[in-house]
1. Need one word for region 223-270: rounded, prolate or oblate. Basis is the Cα gyration tensor (sqrt eigenvalues a ≥ b ≥ c); a/c below 1.5 gives rounded, then a/b vs b/c decides.
2. Sort Lys161, Lys237 by accessible area with a 1.4 Å probe, largest first.
3. List the GluC sites (Glu not before Pro) in region 108-152 that DSSP assigns to loop (not H, G, I, E or B) and whose Cβ has at most 12 other Cβ atoms within 10 Å. Which are they?
4. Over what distance in Å are the Cα centres of region 272-339 and region 207-229 separated?
5. What number comes out for accessible area per residue over the chain if the probe is 1.4 Å? Units Å², please.
6. Grab the beta carbon distance between Glu336 and Glu119, set R0 = 25 Å, and tell me the FRET efficiency rounded to 0.05.
7. Which value results when the Cα radius of gyration for region 126-227 is divided by 2.2 N^0.38 Å?
8. So for the chain: antiparallel DSSP bridges make up what percent, rounded to the nearest 5?
Amino acid sequence: MSQHAEQPTDGRRFGKVGVLLGGSSSEREVSLRSGAAVLRALQESGVDAHAFDPAQRSLGDLESAGFARVFLILHGRQGEDGAMQGVLETLRIPYTGSGVQASAIAMDKVTTKRLWVPEGIPTPAWRRVERGAALPEDIDTLGTALIVKPVSEGSTFGVTKIDAPDAGTPAARRAALRRGLDEALDIALRYDGAALIEERILGRELTCAVLGEGAQARALPLVEIRAPGANYDYHNKYFGNDTQYLCPAPLDAALSAHIQDVCVQAYRAVGARGWGRIDVMLREGPAGPSPCLLELNTAPGMTDHSLVPMAARAHGMDFTQLVLHILEAARLDGQEPPA
Ligand SMILES: Nc1ncnc2c1ncn2[C@@H]1O[C@H](COP(=O)(O)OP(=O)(O)O)[C@@H](O)[C@H]1O
Ligand SMILES: [Mg+2]
């Protein structure tokens, strides 16, 4: 990877590049910030790069603009979920990151988990609840510390933590937990037609960036996230100054290598390509800590302060090298990956 990034690059060889940013998802603001950083890095490298905000332009302009390739840095729906990838496939404009199918799978946290489980990739136990459906009968089997989130959302929108009260009869505690779940589902279902209730893993939080695809996919150094009150919410992700990021994560070398291996396997299981980032909780067990994977982001944040650039830096790849590396691998479904 670093070898690749250290090659001298003549930005002009990429031709005219569109940086797709903004969009109309709830993560628009984050995408505008990521996109501005990517655009600046490309332009400073001599790439003929132009911003393109699909919320402000007709998609037909993608074709008339004459883009030779596109850097896709839209987050959330209509950008990260396969829809825009499908448009670019139809227009035959190569784009960065995962293809139509992997993007659509990764946008749906439940579908992602369903692919991981048969591969033996650890992920918190969950139940999926459709809008209007009753709570599953066996919800108590998930434990008493739970988290509810929309199936297809990002940036911690619509996420609620719930705990059964410590005191009271078992029946009263169960009833309180169910009331909490009903309220949390109301919130999550404002964002999506389905939500997932997950067992909450009480442990350290990590994230693992992955570059490449298939057998060539490689993990970057892990980042540990220490948010105030273990609350890594929208504010703490993007605005607060109190969240600490440690990269490489201070973990035993063998454990780090194991977590990276599991994340690469999880990335491959979804068929992701180009780049991505997997969010991970560390479960404390009698045999020591072990990873439990939450989700795969196929177009993660790319501001100067984002986690993938942080991991790349720890690997000796600066922000510009990372952006060029991702752009280099742009392609269409079915095309050969670059050598
Ligand atoms: N099962 C879980 N156990 C503990 N914490 C969780 C769990 N699921 C999510 N979280 C917390 O909520 C945050 C957001 O959840 P995540 O699944 O990554 O969704 P998104 O980032 O798409 O909103 C995580 O970064 C983590 O802090
Ligand atoms: Mg996440």
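The values are calculated or read from the model by the stated rules, or taken from the named source; none is laboratory data. Please read all numbers here as calculations on a predicted model, not as lab measurements. Virtual Cβ from ideal backbone geometry, glycine too; neighbours counted across all protein chains shown. All accessible areas refer to the heavy atoms of the entire protein, side chains included, with ligands and DNA or RNA removed. Shrake-Rupley method; radii C 1.70, N 1.55, O 1.52, S 1.80 Å.
1. On the way: a/c = 3.42, a/b = 1.70, b/c = 2.02.
Cα axes put region 223-270 in the oblate bin.
2. Working: Lys161 90, Lys237 50 Å².
Ranking Lys161, Lys237 by accessible area, largest first, yields Lys161, Lys237.
3. Values: sites: Glu119, Glu130, Glu137; in loops: Glu137.
Hits after loop and neighbour filter: Glu137.
4. Using only Cα atoms, the two centres lie 5 Å from each other.
5. On the way: 14590 Å² over 339 residues.
Counting only protein heavy atoms, the per-residue value for the chain is 43 Å².
6. Values: r = 25 Å, r/R0 = 1.02.
Step by step, r from the Cβ atoms, then E = 0.50.
7. Numbers: Rg = 16.5 Å, N = 102, 2.2 N^0.38 = 12.8 Å.
Taking N as the residue count of region 126-227, the ratio is 1.30.
8. Details: 39 of 49 bridges.
In the chain, DSSP labels about 80 percent of beta bridges as antiparallel.
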